[in-house]
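The values are calculated or read from the model by the stated rules, or taken from the named source; none is laboratory data. As the structure is a computational prediction, the values presented were derived from the model and not from experiment. Every residue, glycine as well, gets a Cβ built from its backbone with ideal geometry; the counts of neighbours run over all protein chains shown. What goes into the accessible areas is simple: the full protein's heavy atoms, side chains included, and nothing from ligands, DNA or RNA. Shrake-Rupley method; radii C 1.70, N 1.55, O 1.52, S 1.80 Å.
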Amino acid sequence: MSSTVHRYSATCSWSGSTAVGYRDYDRSHRMAAGPESLTLSSDPAFLGDPARLNPEQLVVMAASSCQLLSFLAVAARARLDVRDYRDDATATMAESGAAQPMRLDEIVLRPRIVLAPDPRTGAPSEDRVRHLVEVAHRECFIANSLATPVRIEPTVTFVDQATFTA
């Protein structure tokens, strides 16, 4: 029996000169994956451009995106009507922490999930929705790939069907 191996690729490019010294070289660089590309920099704390995304933010974005996609799949299979999902995800990284080498200490996902009740069966319990959030977390490829702990603090809200059909 053969196993499927998924492969993902990205291209990173930079040009410039570090001859100007550590404090003055340009940290902006381009990332591309498929047809999309982004211009990134280092965190401003490490002399990067604050107007650009940095790799640490991309890790948080990947964790948040993967949790969203995993939850929507789990919710759809459970026949829940998710109407809105917004996540205010954060990560921390202490420069003087016990973790060496330095790394992200924790990622916290704070999804606000809005569901509409099923017209026949009504709203699922909040406990059921929270359980499905945890199922999605266990299925999240990115969270499963990280050494950094990913914690989820969901808020669950139910709205009337009419709220979204008007």
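With charges set only on the Cβ (+1 for Lys and Arg, -1 for Asp and Glu), what does the dipole of the range 1-90 come to about its Cα centre, in debye to the nearest 20? Please list the in-between numbers first.
On the way: 9 positive and 10 negative charges, 68 e Å.
Rounded to the nearest 20 debye, it is 320 debye.
Calculate, in whole percent, how much of the Cα-Cα pair population of the range 31-125 lies beyond 23 Å.
That fraction is 45 percent.
Out of the DSSP beta bridges found with both residues in the range 1-159, what percent are antiparallel (nearest 5)? Let's see the in-between values first.
Numbers: 18 of 26 bridges.
Roughly 70 percent of the DSSP beta bridges within the range 1-159 come out antiparallel.
On a full-extension model of 0.36 nm per residue, what is the gain between Leu47 and Arg30, subtracting their alpha-carbon distance, rounded to one decimal in nm?
Numbers: separation 17, 0.36 × 17 = 6.12 nm, distance 1.69 nm.
Extra length available between Leu47 and Arg30 comes to 4.4 nm.
Taking every Cα atom in the range 1-72, find the radius of gyration and the maximum pairwise distance Dmax, and write them in Å.
16.1, 56
With P(r) over Cα pairs in 10 Å bins from 0, in percent in mind, check [x] 10, 40, 40, 10, 0; [y] 9, 28, 29, 21, 10, 3, 0; [z] 11, 42, 36, 10, 1 and report the label derived from this structure.
[y]
Keeping every protein chain present and rolling a 1.4 Å probe, give me the accessible area per residue for the chain in Å².
Here the per-residue accessible area is 65 Å².
With everything on Cα atoms, drop me the angle between helix 55-77 and the longest principal axis of the chain, reported from 0 to 90° to the nearest 10.
That helix lies at roughly 20 degrees to the long axis.
Just subtract the alpha-carbon distance of Leu72 and Val159 from 0.36 nm times their residue separation and send over the number in nm, one decimal.
Values: separation 87, 0.36 × 87 = 31.32 nm, distance 1.74 nm.
29.6 nm is the gain from fully extending Leu72 to Val159.
Counting only protein heavy atoms and a 1.4 Å probe, tell me what percentage of the range 1-98's accessible area is made up of carbon and sulfur.
Accessible surface attributable to carbon and sulfur in the range 1-98 totals 54 percent.
Explain nothing, just compute: Karplus ³J(HN,Hα) = 6.51 cos²θ - 1.76 cosθ + 1.60, θ = phi - 60°, for every residue of the range 3-19 in order, whole Hz, x for Gly and Pro.
Result, ordered by residue: 9, 7, 10, 8, 10, 10, 9, 8, 10, 10, 9, 8, 9, x, 8, 8, 5 Hz.
Along Cα→Cβ, 7 Å out, is where each label goes; now give me the distance between the ones at Asp127 and Ser37 in nm to one decimal.
It works out to 5.3 nm between the two label points.
Hey, can you grab everything whose amide H is under 5 Å from the amide H of Ala89? Only 5+ residues off in sequence or another chain; H modelled, so Pro and N-termini drop out.
Under 5 Å from the amide H of Ala89: Arg110.
Working from Cα positions, state the angle (0 to 90°, nearest 10) between the long axis of helix 126-139 and the longest principal axis of the chain.
40
Going by Cα centres, the range 1-67 and the range 73-152 are how many Å apart?
Using only Cα atoms, the two centres lie 24 Å from each other.
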